[in-house]
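Only one structure is covered here, and it is reproduced in the block below.
The values are calculated or read from the model by the stated rules, or taken from the named source; none is laboratory data. These numbers were taken from a predicted model, which means no experiment stands behind them. Because the Cβ atoms are built from the backbone with ideal geometry, glycine has one as well, and the counts that use them run over all protein chains shown. All accessible areas refer to the heavy atoms of the entire protein, side chains included, with ligands and DNA or RNA removed. Shrake-Rupley method; radii C 1.70, N 1.55, O 1.52, S 1.80 Å.
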Amino acid sequence: MTRSFLTRLFSSLSTLFLVSLLIFFVFQIIPGDPILSKLGPEADPALEALLRKELGLDKPPMARYLDWVVSLLRGDLGTSIRFQMPVQQLIAERLPNTLALTLWSFFLIVFISLPLGLWLAKNNNSTLGLFINAFTQLGIAIPSFWLAIMLMLIFGLRLGWLPIHGYVPFSKDPWGFMRSLLLPGIAISTSSIAIVIRYLRASVLDEMLQDYVRTARNKGLSENTILIRHVLRNAFLPVLTILGVLLINILTGSIVIESTFSIPGIGQLLQTAIRSRDLPLVQGITLYIAAVVTFGFLFVDLLSAKIDPRINDRGDRA
Amino acid sequence: MKRILLLLMILTVFLFSACNQEPPLDVPSLKSVVVGIPQDFDSLDPHRSVATGTQEVMLNLFSGLITITLDGEIINDLAEEIEVSEDLMTYTVKLKQPVKFHNDQAMTSKDVAYTFNRLNGRTEDQPDPLTANFNAIESIETPDDETVIFKMNRVDVAFLSKLMIAIIPEGSGPDQAKEPIGAGPFKFDGYTAGVGIDMLRHDSYHGTLPELEKVEFKIYTDANTGFLALQVGEVDILNLTLDQTYSVDQSKITVLTAPQNMVQLITLNFEFEPFQNLKVRQALNHAINKEEIIEMLAPGSPQLDTNYSPIMGYYYNKDTEDYYDYNPDKAKELLKAAGYEDLTFSLKVPTEYPFHVDTALLLQAQLENVGVNMKLLPIEWNTWLSEVYESALYEASIIGLTGKLDPDTILNRFETTFLRNFYNYSNSYYDDLIEQARKTADPEERREIYREAQMILTEEAVAIFIMDPTLYRAVNNRLSGLHTYPIGFIDMSTVKIKD
């Protein structure tokens, strides 16, 4: 277990090193200068020169990269060029917003898609079942930014129930903070809900054809008991992997939704960082994303092993 | 299953309760206004910020020795009196008293000296200059708490107009980027990167006390979201596009219009051979129907034929107006005479600015009428800054150049030695004029020089100057008293909430 974890950690760190190197070289090739991007056409030559000196941008590219690696080994992610603040601080400030949005979206995904998916598998051929099926197709097809604007128009503009851009920091107004995440959460989770419903339905229908289900029926168990006690446990495994991927996706920041609702999360920060050619900030966020992906998949594998002991902690079936 | 049902019920209750608009706590309501802005700040430190978008917000926090009126006239602010020696080598400033900074510290001459020394990189906490704007200052003397004497090393006639720079308390420089402190009508109350900045009224403000107690500047990176927020009343003040002005609910929102002191122009790179020919440049100017462009994209905007907005009335040369009438036949003749009947060139346009993209599309159609093939090359803003602004790797481009208080900072953009002379224009007579204006103290004489400089830009058809695009600023009808200035400034100190 520990060995496997360490192997994974080592491979993730190597990947991260390669990714950081790749990003660094891409940033050298693509056009754009972080100082000009920050100051714009009004740039004062003296201030421009000073900022280049202060942020070490007057050094050769390789020296800058090595500086970044050395600082990283000391636990310092460097200073953002755009914001002139420590990268750690910027990520730490944005992380709670993305985490809250993730929790809320994931809550919606789990508690809407699981019961609906099960119900749909059980009532596959009913009229309502067909309707929900069609609805899930629509849910996958609708782009999240379009849904976001529609939600704003309906709940914000027409009905006036929820704020369009009501983001307030949790520390200032916890209630306002939660209200501001309602619509973005729905916009993010809709397509994921549709995906999980379809996956779970297909997986349950597959399992229902297995021999053990026939045996259970012959034993006289009710359909609900068979479904929840026996089928769900087996049908849930592929869904768990999908849920893991969805969770990681949301955790690493929904660039489109965070921007549309102006929520200062990781996604919006990454967008600003790329637009501003803010290399230290992009590198810092990449590090965060790599960590989430590594530990996210590790968690999913461990959970899979717990649910089905035949699966080892590397996610392989024994 | 029961647990799932229970959780679903909790979720439903949460959803419905969250839709309830009543705030949960009895928060005392302040006279508060929300202003929507399109971008984050380049720095909260007033001496490290250059972006117009930052300036128009931060001017609410800071006061300078001078300020401007609605017409762009310079008047004293923190200065009670400014005495200028005949040779323009000494400026004696008597400070207004009492003036308090946001931290309740009284302003003295030491703070003023610190401010300018910091800008010039002559303080312990700032050893490098932050700007080249004040390098004409040789030394600063503070004979008493209320008097500051600036000794100059050379004549800088624009010096007075530069004194609008924010005065900050002595020693506060290193902290300004985190917690800006000034002497303006509002004080800093918090900033969240990507979200916005909050300000509270500065109750010890030295001028007329604002009526508003709180102002929130919220960042809306998505223009559609900002517009929706304006319509539902979440935002009180917001800049709009022309399209958006057509769909505002006029019973709730008023749209103010004003010139921006900006010049929208097609820059022509003189390194590109056809543009070295005066006839070609003149032909392009005649081929463009500016009236049509203005009518379609920004009705009411002043049409331009030089790099200066009429909003800065005193120095503006009216004779440049309508210098190039819309005359496609003449354009064709000129192109023929120049030997460029089938001229083809590319125009790099920054995609982040839909206004410039729309203008470019109209221009393309108009130029086609005279046989000119203009290819559009849409590029990202950062690429524009690197390729066009920094490296001049382009044939033609379109951009808006922001105007400043002093004509030197506008007209020097066409000087041969200007750091970002991305048009590669060089005219020694023009250079001499600009240099001469810098040393001319007499305002009348200086005005004549600048007017001549503007006429040179017109006659030489250095670029295709189009317009000073109208600013459309939406204001919720519950407010009154919002004014527009010839520089970027959303002045909240005069805004009132109607009863």
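Residue-by-condition table, conditions (1) open to solvent by 20 Å² or more (accessible area, probe 1.4 Å); (2) more than 8 Å from chain A (Cβ to nearest Cβ); (3) in a strand (DSSP E or B); (4) not β-branched (V, I, T):
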site	(1), (2), (3), (4)
B:Y191	yes, yes, yes, yes
B:M199	no, yes, yes, yes
B:E211	yes, yes, no, yes
B:V215	no, yes, yes, no
Legend entry - Lone qualifier among A:I274, A:I285 - being buried (at least 23 other Cβ atoms within 10 Å of the Cβ), in a helix (DSSP H, G or I) and either touching a helix residue (DSSP H, G or I) at 6+ places or on another chain (Cβ under 7 Å) or among the aromatic types (F, W, Y) (or both): A:I285
Inset, instruction - Among the residues of region A:16-70, write down those that are free of Cβ contacts under 8 Å to residues at least 12 places away in the same chain and of a type in the set (G, A, S). - result: A:G40, A:A43, A:A46, A:A49, A:G56, A:A63
Legend entry - strands (runs of 3 or more DSSP E) wholly inside region B:1-84 containing at least 1 residues that are modelled with pLDDT of 90 or more and open to solvent by 60 Å² or more (accessible area, probe 1.4 Å): B:74-76, B:79-84
Inset, instruction - Kindly indicate whether any position in region A:241-249 is more than 14 Å from chain B (Cβ to nearest Cβ), among the small types (G, A, S) and more than 30 Å from A:A63 (Cα to Cα). - result: yes
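Conditions (1) closer than 30 Å to B:A51 by Cβ; (2) within 12 Å of chain B (Cβ to nearest Cβ); (3) surrounded by 14 or more Cβ atoms within 10 Å (Cβ to Cβ); (4) more than 23 Å from the chain's Cα centre (by Cα), marked per residue:
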| residue | (1), (2), (3), (4) |
| --- | --- |
| A:L90 | yes, yes, yes, no |
| A:F106 | no, no, yes, no |
| A:F111 | no, yes, yes, no |
| A:L118 | no, yes, yes, yes |
| A:L130 | no, no, no, yes |
Inset, instruction - Kindly indicate whether A:V213 is touching an Asp or Glu at 6+ places or on another chain (Cβ under 9 Å) and open to solvent by less than 60 Å² (accessible area, probe 1.4 Å). - result: yes
Legend entry - Breaking point among (1) at pLDDT below 80; (2) loosely packed, with under 15 Cβ neighbours inside 10 Å; (3) within 30 Å of B:H47 (Cβ to Cβ), for A:L6: (3)
Inset, instruction - May I ask you to verify whether A:S126 is modelled with pLDDT of 85 or more and either more than 11 Å from chain B (Cβ to nearest Cβ) or out of contact with any Leu (no Cβ under 8 Å at 6 or more places or on another chain) (or both)? - result: no
Legend entry - Selection from region B:132-146 of residues that are open to solvent by 60 Å² or more (accessible area, probe 1.4 Å), not charged (D, E, K, R) and not in a strand (DSSP E or B): B:N133, B:N135
Legend entry - Some residue of region A:221-229 being of a type in the set (S, T, N, Q), buried (at least 17 other Cβ atoms within 10 Å of the Cβ) and assigned to a helix (DSSP H, G or I): no
Inset, instruction - With the condition kept exactly as written, say whether any residue in region B:108-124 is part of a strand (DSSP E or B), hydroxyl-bearing (S, T, Y) and crowded, with 17+ Cβ neighbours inside 10 Å. - result: yes
Inset, instruction - From the list B:R451, B:R413, pick out the single residue that is outside any loop (DSSP other than H, G, I, E, B), open to solvent by less than 20 Å² (accessible area, probe 1.4 Å) and either touching a residue at least 60 places away in the same chain (Cβ under 8 Å) or within 29 Å of B:L61 (Cβ to Cβ) (or both). - result: B:R413
Inset, instruction - Go through region A:137-170 and give me each residue that's modelled with pLDDT of 80 or more, assigned to a loop (DSSP other than H, G, I, E, B) and open to solvent by 80 Å² or more (accessible area, probe 1.4 Å). - result: A:L159, A:W161
Legend entry - Checking B:V155 against (1) more than 13 Å from chain A (Cβ to nearest Cβ); (2) modelled with pLDDT of 90 or more; (3) open to solvent by 30 Å² or more (accessible area, probe 1.4 Å), the condition it does not meet: (2)
Inset, instruction - Identify all residues within region A:186-216 that are among the hydrophobic types (A, V, I, L, M, F, W, C), closer than 14 Å to A:G129 by Cβ and touching a helix residue (DSSP H, G or I) at 6+ places or on another chain (Cβ under 6 Å); write none if there are none. - result: A:I197, A:L200, A:V204, A:L205
Legend entry - Answer from B:I311, B:I294, B:I288 - the residue that is in contact (Cβ under 8 Å) with a residue 40 or more places away in the chain and open to solvent by 30 Å² or more (accessible area, probe 1.4 Å): B:I311
Inset, instruction - Would you confirm whether any residue within region A:74-88 is in a helix (DSSP H, G or I) and within 14 Å of chain B (Cβ to nearest Cβ)? - result: yes
Inset, instruction - Name, by its number, the condition in (1) more than 19 Å from A:I193 (Cα to Cα); (2) in a helix (DSSP H, G or I); (3) within 13 Å of chain B (Cβ to nearest Cβ) that does not hold for A:S262. - result: (2)
Legend entry - Cross-chain or 6+ apart pairs with Cβ under 6 Å, region B:126-146 first and more than 14 Å from chain A (Cβ to nearest Cβ), then open to solvent by less than 80 Å² (accessible area, probe 1.4 Å) and of a type in the set (A, V, I, L, M): B:E138/B:M152; B:I140/B:A113; B:E141/B:I149; B:T142/B:A113; B:T142/B:V148; B:E146/B:L95
Legend entry - Which listed residue, of B:A463, B:A474, is open to solvent by less than 10 Å² (accessible area, probe 1.4 Å), within 30 Å of B:Q250 (Cα to Cα) and of a type in the set (A, V, I, L, M, F, W, C): B:A474
Inset, instruction - Would you check if A:I289 is farther than 30 Å from B:L385 by Cα, of a type outside the set (D, E) and away from chain B (no Cβ under 11 Å)? - result: no
Legend entry - Which numbered condition B:Y205 fails, given (1) part of a strand (DSSP E or B); (2) open to solvent by 20 Å² or more (accessible area, probe 1.4 Å); (3) within 13 Å of B:F62 (Cα to Cα): (1)
Legend entry - In region B:337-395, the residues that are part of a loop (DSSP other than H, G, I, E, B), closer than 21 Å to B:L278 by Cβ and hydrophobic (A, V, I, L, M, F, W, C): B:L343, B:V370, B:V372, B:A392
Legend entry - Meets criteria (open to solvent by 30 Å² or more (accessible area, probe 1.4 Å) and at pLDDT 85 or above) for A:T241: no
Inset, instruction - Kindly provide the set of residues from region B:161-203 that are of a type in the set (V, I, T) and either touching a Ser or Thr at 6+ places or on another chain (Cβ under 8 Å) or closer than 27 Å to B:F134 by Cβ (or both), ordered by number. - result: B:I165, B:I167, B:I168, B:I181, B:V195, B:I197
Legend entry - Those residues of region A:265-281 which are farther than 20 Å from A:L57 by Cβ and without any contact (Cβ under 8 Å) to a residue 40 or more places away in the chain, in sequence order: A:L270, A:Q271
Legend entry - Flag for B:N239 being within 22 Å of A:L162 (Cα to Cα) and open to solvent by 20 Å² or more (accessible area, probe 1.4 Å): no
